[in-house]
Amino acid sequence: MDIEKVNSMDFGEFVDVFGNVIEKCPLIAAAVWSQRPFSDLEDLENHFFAFMDALPRSGQEGILRCHPDLAGRDLQRGTLTAESQREQSQAGLTSLDADDRQRLQRLNAQYRQRFGFPFVLAARLSDRAAVPRELARRLHCQPESELRTALGEVKKIGHLRLADLLGADPAGMESPR
Ligand SMILES: NC(=O)N[C@H]1NC(=O)NC1=O
């Protein structure tokens, strides 16, 4: 899909296509549509990210809370969004054994208890060994910097989802940890 096609979309089509660029936050796509035309993928994604950056803290935490836990209940029940299912599967989180899954669920619970929002990480840039390691490390970070880190991960996820939709090479991403 090229940027001309994106710019020609009506509101309904745009929200259908880009509504889950930020997990379960179609409102952001709805707001971004008003800002077309976009010059390219980077311009388009900058509008998504600027909207997030301009939110008050409660809104930013709300975005994080829209994310399902990694290897959590939604994965077990098969209720993940298609994008999240693919990302968690690519990181190997759909084939954890019971011990590893329970360890991750314990760490997720500790993280949520400490920060008040779920642990968010761009799973496609990680793997099943790195996820619990990174979770355990971030558990000890300060709340302010952790909020920034988590929103940075939401942006990485959004960047990759947008690149998929536009059939672009995801430029400038970190290689897998
Ligand atoms: N909790 C969390 O990070 N979830 C997200 N990460 C990712 O790559 N896809 C998700 O749904």
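The values are calculated or read from the model by the stated rules, or taken from the named source; none is laboratory data. Please read these numbers as outputs of a predicted model, since none were measured by experiment. All Cβ positions, glycine included, derive from the backbone under ideal geometry; neighbour counts span all protein chains shown. With ligands, DNA and RNA removed, areas are computed over all heavy atoms of the protein, side chains included. Shrake-Rupley method; radii C 1.70, N 1.55, O 1.52, S 1.80 Å.
Some observations on this one:
- When all protein chains stay in place and ligands, DNA and RNA are ignored, the 1.4 Å accessible-area order of T149, T81, largest first, is T149, T81.
- Largest to smallest accessible area among E4, E45 [probe 1.4 Å]: E4, E45
- Rounded to the nearest 20, the Cβ-based charge dipole of the chain about its Cα centre (Lys and Arg +1, Asp and Glu -1) stands at 1000 debye.
- Solvent exposure of the chain amounts to 49 Å² per residue of accessible area, where only protein heavy atoms count and the probe is 1.4 Å.
- With Cα atoms, 0 to 90° folded angle of helix 41-54 axis to the chain main axis: 60 degrees
- Fully extending the segment from L139 to K155 would add 3.7 nm, taking 0.36 nm per residue of separation and subtracting the current Cα-Cα distance.
- Rounded to 0.05, the FRET efficiency of the A109 and E61 pair, given R0 = 30 Å and the Cβ-Cβ distance, is 0.95.
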